[in-house]
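Engineer: Handing you a structure now.
The values are calculated or read from the model by the stated rules, or taken from the named source; none is laboratory data. Owing to the predicted nature of the structure, the values given are computational and were not obtained by experimental measurement. Cβ placement follows ideal geometry from the backbone for every residue including glycine, while neighbour counts extend to all protein chains displayed.
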Amino acid sequence: MSHANVLHVIDTLSVGGAEKLLVGTIHGLPQYTHHVVYLTGANTLQKDLPADCIVSKLNFRSKKDTLRCVMQLRKYIRRHQIDVVHSHLVMATTITRLACPSGVPLFTTIHSLLGMRCFAPGKRIQRLIEKLTYRKRHHVIAVSDEVCRDYDRAIGIKGDYSVLPNFVEDKFFAPAYKKMSFNGTFRMVTVGNLKPAKKLSLPHRSIQEAPQGRSPGCIW
């Protein structure tokens, strides 16, 4: 499908794992025309997107804006004759599933163990919304086998799915990134959220002192 119009929908363009993966995916598929629609927040990573990538913001403020964003996104898909849609994160995926016409293929990437957070037993409304908006024609992409199993346990995979592990862009292997000197001692720095799903071996005290923020994808 050369020169196809591909639309990516995500919560924000701030710095995060899903957002960085989105940017890397677009750079890895230069043969397509890429559109990015993000719901809200910062657009920090927009500068890292290719110059010809078309970026729009829905100005989502709360769940009361859901219907407006659904209608706006549906008009965008039709106006730009989008051939393929790819959604990331829970809120963006909910809006995208409601907006995407049945004739347009929709792929959704699951980035983490949502059954432990967004679809946990106490999150009944969000879990119900996910089950009601998810259709057999929607293709689920999980970043690991465990993420796939977790989603299947929490929601139930209805149709086609793929497991596509996270990747590291080629630029990180360029000589410019190899400037460190170990001096006989190997040191490693891990950057990420302190969550059980990350399996970081950190002292209990450090985890307790970490700020307890809420994921932007879990807003219901």
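Engineer: Is there a residue being of a type outside the set (A, V, I, L, M), surrounded by fewer than 16 Cβ atoms within 10 Å (Cβ to Cβ) and on the phi < 0 side of the Ramachandran plot anywhere in region 109-121?
Structural biologist: yes
Engineer: In addition: Go over the candidates 80, 86, 35 one by one and state the one that is assigned by TED's automatic domain parsing to the domain that holds residue 147, closer than 21 Å to residue 137 by Cα and in contact with a His (Cβ under 7 Å, 6 or more places away or on another chain).
Structural biologist: Unique residue meeting the criteria: 86.
Engineer: So residue 58 fits all but one of (1) within 23 Å of residue 20 (Cα to Cα); (2) exposed (fewer than 14 other Cβ atoms within 10 Å of the Cβ); (3) aliphatic (A, V, I, L, M); what number is the exception?
Structural biologist: All conditions pass for residue 58, except number (2).
Engineer: Taking only pairs six or more apart or across chains, which ones have beta-carbon atoms under 7 Å, a first residue in region 149-175 that is within 18 Å of residue 132 (Cβ to Cβ), and a second residue that is outside any loop (DSSP other than H, G, I, E, B) and among the aliphatic types (A, V, I, L, M)?
Structural biologist: 151/110; 151/114; 151/140; 151/142; 154/114; 157/140
Engineer: Failed condition for residue 77, given (1) over 26 Å from residue 4 (Cα atoms); (2) touching a residue at least 40 places away in the same chain (Cβ under 8 Å), with all others met?
Structural biologist: With (1) over 26 Å from residue 4 (Cα atoms); (2) touching a residue at least 40 places away in the same chain (Cβ under 8 Å) applied to residue 77, the lone miss is (1).
Engineer: Does residue 64 count as assigned by TED's automatic domain parsing to the domain that holds residue 151 and either under 16 Å from the mean Cα position of the chain (by Cα) or of a type in the set (Ser, Thr, Tyr) (or both)?
Structural biologist: No, not satisfied.
Engineer: Please determine whether any residue of region 73-85 is under 15 Å from the mean Cα position of the chain (by Cα) and either part of a strand (DSSP E or B) or of a type outside the set (Phe, Trp, Tyr) (or both).
Structural biologist: yes
Engineer: State which residue is farthest from the chain's Cα centre (by Cα) when the search covers only region 1-15 and only residues that are without any contact (Cβ under 8 Å) to a residue 40 or more places away in the chain and on the phi < 0 side of the Ramachandran plot.
Structural biologist: Result: 2.
Engineer: Then there is this: Which residues, counting only those in region 1-13, are at pLDDT 95 or above and part of a loop (DSSP other than H, G, I, E, B)?
Structural biologist: The answer is 11, 12, 13.
Engineer: While we're here: Pairs only if they're at least six apart or on different chains, beta carbon under 9 angstrom, first in region 80-107 and over 17 Å from residue 118 (Cα atoms), second among the small types (Gly, Ala, Ser) and assigned to a loop (DSSP other than H, G, I, E, B); list them, first residue then second.
Structural biologist: Hits for this filter: 82/4; 83/4; 84/4.
Engineer: Are any of the residues in region 35-48 of a type in the set (S, T, N, Q), outside any helix (DSSP H, G or I) and either within 17 Å of the chain's Cα centre (by Cα) or closer than 23 Å to residue 3 by Cα (or both)? Don't jump to the end; show me each part of the working.
Structural biologist: Step one: list which residues in region 35-48 are of a type in the set (S, T, N, Q), which gives 40, 43-44, 46.
Of the ones still in play, those that are also outside any helix (DSSP H, G or I) are 40, 43.
From what's left, either within 17 Å of the chain's Cα centre (by Cα) or closer than 23 Å to residue 3 by Cα (or both): 40, 43.
Yes; the residues of region 35-48 include at least one that is of a type in the set (S, T, N, Q), outside any helix (DSSP H, G or I) and either within 17 Å of the chain's Cα centre (by Cα) or closer than 23 Å to residue 3 by Cα (or both).
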